1. Considering Glu152, Glu136, Glu193, which residue is touching a Pro at 6+ places or on another chain (Cβ under 9 Å), charged (D, E, K, R), assigned by TED's automatic domain parsing to the domain that holds Leu36 and under 15 Å from Gly33 (Cβ atoms)?
2. Every residue in the range 72-104 that is farther than 25 Å from Leu161 by Cβ and either assigned to a loop (DSSP other than H, G, I, E, B) or of a type in the set (Lys, Arg) (or both), please.
3. Can you go through Asn111, Asn118 and tell me which one is within 16 Å of ligand 1 (Cβ to nearest atom) and touching a Pro at 6+ places or on another chain (Cβ under 8 Å)?
4. Go through (1) assigned to a loop (DSSP other than H, G, I, E, B); (2) within 16 Å of ligand 3 (Cβ to nearest atom) one by one and return the number of the condition Ser285 breaks.
5. Pick from Val25, Val38, Val21, Val51: which is part of a loop (DSSP other than H, G, I, E, B) and in the same structural domain as His114 (by TED's automatic domain parsing)?
6. I'd like to know if the range 62-85 contains one or more residues that are within 16 Å of ligand 1 (Cβ to nearest atom) and either under 21 Å from His114 (Cα atoms) or of a type in the set (A, V, I, L, M, F, W, C) (or both).
7. Can you find a residue that is out of contact with any strand residue (DSSP E or B) (no Cβ under 7 Å at 6 or more places or on another chain), of a type outside the set (Val, Ile, Thr), in a helix (DSSP H, G or I) and not assigned by TED's automatic domain parsing to the domain that holds Ala297 anywhere in the range 105-123?
8. Please go through the range 93-115 and pick out each residue that is touching a helix residue (DSSP H, G or I) at 6+ places or on another chain (Cβ under 8 Å) and acidic (Asp, Glu).
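The values are calculated or read from the model by the stated rules, or taken from the named source; none is laboratory data. Since this is a predicted model, take the numbers as computed values, not measurements. As a convention, Cβ positions derive from the backbone with ideal geometry for all residues, glycine included, and neighbour counts pool all protein chains shown.
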Amino acid sequence: PNLNTVEEAARFMQSHDRFLVLSHVNPDGDATGSALGVVMILEQLGKEYVVVNEGETPVKFNFLPRFEQLRNLSTQPLDETFEAVIAVDCADESRMGDVRSLFGSGAALLNIDHHPTNDGFGSINLIRTDAAATAEILYDVAVAAGVSFNEELALCIYTGLLTDTGGFRYSNTSPHVMEIASQLLRYGVKPGEVAERCLEEITLAHVKMLRLALQSLEMSHENLVASITVHFEDFAQAGAGRDDTGGLVNYCRNIEGVEVGVSFVESEVGAVKVSLRARDRVDVSAIAKQLGGGGHAKAAGCTIRGSLQDAKGKVWLALGEALGVNSNE
Ligand code: 5GP
Ligand code: MN
Ligand code: MN
């Protein structure tokens, strides 16, 4: 896609009056922090907005400003068609889910994202694949828009940085990330509190889900791949929701000697959410893309229609090719 500058993105925000602000389905800290960060910028510019997600945003992000304004389209339908749209952390329009129905093909669309698999669906495309988080790009947009930083805006951006770098640990933690994180602390962000809410605190249902998931651990591809499987019935047994499966895949990737960790989560009967985490040898975004999803070299995902068996077959075959080994044992 042809890429635009932060100044063009800032001008986009200045030149329209009312916006639809959206992120991706099953929003994470970067999606939510960036969407609410956009909201904080729009408020300072005196603009009107509606901030929408296809589903419910995890309550753990309720410390973010304007959290209560995040509209869950599945329970609060919206009878409006928007002319100006800002999409954050979405690699393609399918990541918007049903929110895509709120605007037509002629809408002005600002696409702010950091995924290498972004297909440039916007009319303005601010895509930086070297950014650790969409929130990192948004920091520059806020500067270009001339808004003043305060604790609330800083908190939104910090949350995106913190969560997409796994707590400033992943290889995407660049000097620039640390520089702006340091700056954001000066606006009053309390790092211990944000980390507690985003990274440390887990629900009891999550731990029960983890107990079930770990029992399903499988090693394959000459022990280069570790995977766990969550069956649809496990959600009811653990009293868990979709949010309670986040991070399970990391246990697989973290096993010594493992190159790729995979989780297969049967999120509904007939649909399997696949999460992939890589160490060094495999670019999992290529595998996810091949299976209809996308993501980053070291963290990617897709949803496969079919049974757990079908999904495993497809992913294992692709991983066998990428690793150059047989999938069994
Ligand atoms: P997760 O496994 O945590 O859901 O996602 C890991 C990464 O892959 C994230 O950057 C996320 O945006 C991306 N990703 C996950 N699922 C999909 C998908 O179905 N389509 C696309 N394009 N990206 C995905
Ligand atoms: Mn995201
Ligand atoms: Mn992101």
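1. Exactly one of Glu152, Glu136, Glu193 is touching a Pro at 6+ places or on another chain (Cβ under 9 Å), charged (D, E, K, R), assigned by TED's automatic domain parsing to the domain that holds Leu36 and under 15 Å from Gly33 (Cβ atoms), namely Glu152.
2. Listed by number, the residues that qualify are Leu73, Ser74, Thr75, Gln76, Pro77, Leu78, Asp79, Glu80, Thr81, Arg100.
3. Just one listed residue meets the conditions, Asn118.
4. All conditions pass for Ser285, except number (1).
5. Just one listed residue meets the conditions, Val25.
6. no
7. Within the range 105-123 (the criterion being out of contact with any strand residue (DSSP E or B) (no Cβ under 7 Å at 6 or more places or on another chain), of a type outside the set (Val, Ile, Thr), in a helix (DSSP H, G or I) and not assigned by TED's automatic domain parsing to the domain that holds Ala297), the answer is no, since none of the residues qualifies.
8. Those that are touching a helix residue (DSSP H, G or I) at 6+ places or on another chain (Cβ under 8 Å) and acidic (Asp, Glu): Glu93, Asp113.
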